[in-house]
């Protein structure tokens, strides 16, 4: 949506047009509930200037958020007697065929061996996540859009600005976060609960 290289009906001529389209899409997502279940996971970390240490921290955060996405969505879905089938976008280039994200596979297999995972599974057979080419399924685009709105709202809030796409437009969804002290918090909320998770309020 934000790319300037789109054509056809997505050849927006201004940011105002892009955000107007985004607001319509957000309202469509809200109207698709409760049939559309969403679970958004976020975290925030201060990065050091040193590149090697920065990459180490980012790798750790990526693994932590992936674990939270797996365990949190597993718990919510099994509470409703639904068995998840996870499909994530590849990070690697898939031009020459499908790829497996080895780091994610290792994280999942590690979780699978824990008593917590067994308990949350409630006796169901839980398959390993699949990885697909980015944009290959419309639901991955919906997930990207929700994450974009959440990240932009956080960025605008901490810089005392107003977001163009308030997450409240998305309706009621499930949110989780790794908070400042390293603990996990979660909520079913009409929009990202910024105050609860990060101690900041969106500007209106």
Just the Cα atoms of the chain: what Rg and Dmax do they give in Å? 17.9, 53
So what's the angle, to the nearest 10 degrees on a 0 to 90 scale, between helix 15-31 and the longest Cα principal axis of the chain? 50
Theoretical ellipticity at 222 nm over the chain - DSSP helices of four or more residues, -39500 (n - 2.57) apiece, nearest 500: -14500 deg cm²/dmol
Looking at segment 37-198 only, what percent of DSSP beta bridges run antiparallel? Nearest 5 please. 45
Among 191, 123, 180, which one shows the highest mean-square fluctuation when the chain is modelled as a Gaussian network with alpha-carbon springs under 10 Å? 123
At 1.002 mPa s and 20 °C, plugging the Kirkwood radius over alpha-carbon pairs of segment 71-169 into Stokes-Einstein gives what diffusion coefficient in µm²/s? 134
Note the angle between two axes, namely the Cα long axis of helix 51-79 and the longest principal axis of the Cα atoms of the chain, as a number of degrees from 0 to 90, rounded to the nearest 10. 80
Can you give me the C-alpha center-to-center distance between segment 104-144 and segment 153-204, rounded to a whole angstrom? 24
Using alpha-carbon pairs under 8 Å, 6+ residues apart, how would you state the relative contact order of segment 108-204 in percent? 21
With springs only between Cα atoms under 10 Å, which of 181, 113, 79 fluctuates most in a Gaussian network model of the chain? 181
Once the Cα atoms of helix 138-158 and of the chain are each reduced to a long axis, what angle between those two axes, in degrees from 0 to 90 to the nearest 10, is obtained? 70
Can you give the relative contact order of segment 37-198 as a percent, counting alpha carbon pairs under 8 Å and 6+ residues apart? 26
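None of the figures in this text is laboratory data; all of them are computed from the coordinates on show. Note that this is a predicted model, so its numbers are computed, not measured.
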